[in-house]
1. If I model a spin label as a point 7 Å beyond the Cα along the Cα-Cβ vector, how far apart are those points for Arg112 and Asn78 in nm?
2. In whole angstrom, note down how far apart the Cα centers of the stretch 50-78 and the stretch 101-123 are.
3. Once the piece of chain linking Thr63 and Thr37 is laid out straight, how much longer is it, given 0.36 nm per residue of separation minus the C-alpha distance between them?
4. Quick one: if the Förster radius is 41 Å, what FRET efficiency do Met30 and Leu96 give, using the C-beta to C-beta distance and rounding to 0.05?
5. At 0.36 nm per residue, minus the direct Cα-Cα distance, what do Lys56 and Tyr119 gain on full extension? Give it in nm, one decimal, please.
6. Explain nothing, just the number: dipole magnitude of the stretch 25-132 about its Cα centre with +1 on each Lys and Arg Cβ and -1 on each Asp and Glu Cβ, in debye rounded to the nearest 20.
Amino acid sequence: MVIDVLLAVRGVVANIAAKLPAALPRSDGMIVSRAETEAFRALLLARTPRLTPIAKTFGGAITATTEELQKTLLALKNAAKHPSGTVASREIRLQLQGMFAAAVLETVPLVRLAHLPRYLRTIQAPRAGQRG
């Protein structure tokens, strides 16, 4: 999954120079000069090397979260087989639905996304008085 993200970023960066927009319109209504357009493009290109480490961090967080979410869902499925775990399992699933809403990647900052695997491991941990 991380490789896919990195390849996608690399493809975008490879094609970005040809697709860069002209400089943003000037607030005074004057026509943007060629020099301003080139300076704008240079600024955008200078920022693209930052994409690779961000993509690696993001991809790593997504991979870790996906792996822990699968383990958590399996643990909840197993817990639901026991009468005492059915209600708790259902409640935790509802909380997970809120935690992983459709727009989670758009709304959760990368810093917080990195903590989701830890939260999921806590859900998986056997509680005192429960058989593990």
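1. 3.0
2. 9
3. Separation in residues times 0.36 nm, less the Cα-Cα distance, equals 5.5 nm.
4. About 0.15, to the nearest 0.05.
5. Stretched out fully, the Lys56 to Tyr119 stretch lengthens by 20.6 nm.
6. In total the dipole reaches around 520 debye.
Quick note: the coordinates plus some simple rules give every number you see, no bench work behind them. Small disclaimer: the values here were computed from a predicted structure and weren't measured. Here Cβ is always computed from backbone atoms with ideal geometry, including for glycine, and neighbour counts include all displayed protein chains.
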